[in-house]
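Only the coordinates and a few stated rules stand behind these numbers; no lab work does. Please read these numbers as outputs of a predicted model, since none were measured by experiment. Note that each Cβ is placed from the backbone with ideal geometry, even for glycine, and that neighbours are counted across all protein chains shown.
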Ligand code: OGA
Ligand code: MN
């Protein structure tokens with residue numbers, strides 16, 4: 001049995017079959033999947049009833065794991081529901097019950113409903129994310145993906161030239177602030193210190209350029225904030241037009257893998273105060289910053 005991939009959207013997204021993620025993968029399957037991520041940006045696997053350990057083992061085929069920690073979230077170690085390798089993307093507390101409407105963690109996590117790229121607020125941002133749907137919702141709770149390579153290709157030359165060397169500040173302070181969540185402690189503010197990222201990047205695996213957009217952007221270096229952010233808003237609207245977007249309607253035990261360097265994603269709303277949506281993410285670390293951080297001092 002060798003893994004097979006079929007494209008399921010006009011511009012990106014592949015569906016993978018003939019692979020069982022509970023078992024160690026052959027080198028050939030790892031290669032097919034890795035090349036598939038480079039080509040399609042997003043890969044969908046169905047019917048993968050995996051444990052956290054199996055998810056972690058599968059993920060390690062693609063590089064070092066990026067650990068979620070206090071620079072990624074406001075949840076304290078003692079309140080974590082999952083092990084240190086898993087990002088908890090559910091709406092649940094440690095008791096496995098939905099977080100209360102006014103729970104800080106819930107309000108913070110609602111930031112996932114904005115278009116973003118994972119860990120773009122880290123100096124070395126994430127490469128791949130792998131999201132496993134353990135308990136999924138009947139209504140709402142889809143995940144949407146947008147192809148930032150197709151979005152880049154569709155820009156006119158003037159815009160490509162304008163943004164080519166732009167550098168942005170990214171921080172969780174900005175994405176959470178957009179939804180009105182700004183009650184952060186001194187320590188949290190320090191953990192979420194903005195980092196710099198190039199606005200245009202080239203994916204070394206596919207050679208394709210993409211726009212590196214994210215809700216975490218709060219400034220374009222060298223531009224007045226409203227000017228920079230209105231450009232980011234325009235680019236984001238253009239880049240997430242329907243033709244570049246795939247909506248993933250979750251079935252239980254789907255696993256979706258995406259390349260954060262060439263796609264954005266967001267969660268869609270559901271009745272998260274009453275229903276359970278248990279999603280668990282592993283993340284593959286990136287290998288380098290997109291831009292020198294020293295520029296921040298200017
Ligand atoms: C993530 C994320 C969206 C969702 O796992 O990084 O943003 O639909 N998830 O849960
Ligand atoms: Mn995310």
Proxy reagent accessibility, fewest Cβ within 10 Å first, across 265, 96, 9, 170: 96, 9, 265, 170
Relative contact order of the range 73-180, pairs being alpha-carbon contacts under 8 Å that are 6 or more residues apart, as %: 22 percent
Debye intensity ratio in log₁₀ form over the Cα atoms of the range 67-129, taken at each q of 0.26 Å⁻¹: -1.34
Exposure proxy ranking, count of Cβ atoms within 10 Å, fewest first, for 2, 75: 2, 75
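Expressed in nm², what is the orientationally averaged projection area of the convex hull enclosing the Cα positions of the range 1-155? Before the final figure, lay out each step's value.
Values: hull surface 43.2 nm².
Directional mean of the projected Cα hull area for the range 1-155 stands at 10.8 nm².
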Ranked list, fewest to most other Cβ atoms within 10 Å of each Cβ, for 107, 86: 107, 86
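Semi-axes of the chain's equivalent ellipsoid from the Cα gyration tensor, sqrt of 5 times each eigenvalue, largest first, rounded to whole Å?
28, 25, 18
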